[in-house]
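Every number in this text was worked out from the coordinates using simple rules, so none of it is lab data. This one's a predicted model, so the numbers in the text were calculated from it and none came from an experiment. Because the Cβ atoms are built from the backbone with ideal geometry, glycine has one as well, and the counts that use them run over all protein chains shown.
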Amino acid sequence: MKKYLIALSIAAGLSPLLAAQPSQAQAVGLTYWGIQLEEFEYRFGDEGEDLAAWDGDAYFGTDEFKFRLMSEGEYDANAGKFETLENRLVGQVPISDFFDAKAGIRLDTPKGQNRWYGIVGVAGLAPQWFEVDADLFLSDQGDLSARLDVEYELLITNRLILTPSAEINLAFSDDTEIEIKSGFTSLELGLRLSYDLIDRAFSPYVGLAFETKLGDTEDLISDEGEDTSAWFGVVGAKFVF
């Protein structure tokens, strides 16, 4: 495991998306830091699920070097346990006007077996202003997987924003201890309508989310008697400090 983590964690840099908003970060000389939560929400499911969910990061660095501590997860209030819990420490360096390269480590501690991963990827703005985050993961078991996350902000007014999003995961080998089979494994779609109350520092929102397993992973989970898809209504807020 060490050779993967050491090789993949030697990288650092700055996300231009974060640096593009210096008024929303605290500066010490030429060093910037801040905290942002893109999702901080309550999800109520179509079969009575009650989930607390979040997706955010803390960042520290300069225009040429930035570390990000990223966290996302879902906590099942009915069962009193985490459905998913993922933490990442990455560094980012600019590679173009609109994209950064990144590398680091990831730790998953959900129900079932824990997993460490090395990460390499890119993040930035694609043509037509789509926010793109693409990653490759190599686990401590030697399994390779990938994730593509795409988001778009549609301004209805200067303060009212509709944000569709999509995340798809792909595994290149089986890891049945964490209910993963090779192929496309899961898809999450979201649609959130937010309103900027305090510039972009605080934006409450409502919306919908859909999660489903795919392919052989869906068959594996279905055979174990678990649900493989769910619709959620969501209510929450975005924060930037």
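Out of the stretch 101-122, which residues are hydrophobic (A, V, I, L, M, F, W, C) and either more than 14 Å from the chain's Cα centre (by Cα) or surrounded by fewer than 21 Cβ atoms within 10 Å (Cβ to Cβ) (or both)? If the condition is that a residue be hydrophobic (A, V, I, L, M, F, W, C) and either more than 14 Å from the chain's Cα centre (by Cα) or surrounded by fewer than 21 Cβ atoms within 10 Å (Cβ to Cβ) (or both), then Ala101, Ala103, Ile105, Leu107, Trp116, Val120, Val122 are the ones that fit. The residues listed here are Leu208, Leu144, Leu187, Leu197; of these, the one that is under 25 Å from Pro127 (Cα atoms) and free of Cβ contacts under 8 Å to residues at least 40 places away in the same chain is Leu187.
Hey, can you tell me all the residues within the stretch 40-77 that are assigned to a strand (DSSP E or B) and of a type in the set (Phe, Trp, Tyr)?
Looking only at the stretch 40-77, we keep the residues that are assigned to a strand (DSSP E or B), and these are 40-45, 50-61, 66-76.
The answer is Phe40, Tyr42, Phe44, Trp54, Tyr59, Phe60, Phe67, Tyr75.
Whenever a residue of the stretch 33-62 is basic (Lys, Arg), its partners that are part of a strand (DSSP E or B), lying with C-beta atoms within less than 7 angstrom and at least six residues away or across chains, give the pairs Arg43/Leu51; Arg43/Ala53; Arg43/Ala209; Arg43/Phe232; Arg43/Val234.
Filtering the stretch 156-207 to residues that are farther than 27 Å from Glu226 by Cα, within 17 Å of the chain's Cα centre (by Cα) and among the polar types (S, T, N, Q) leaves only Thr163.
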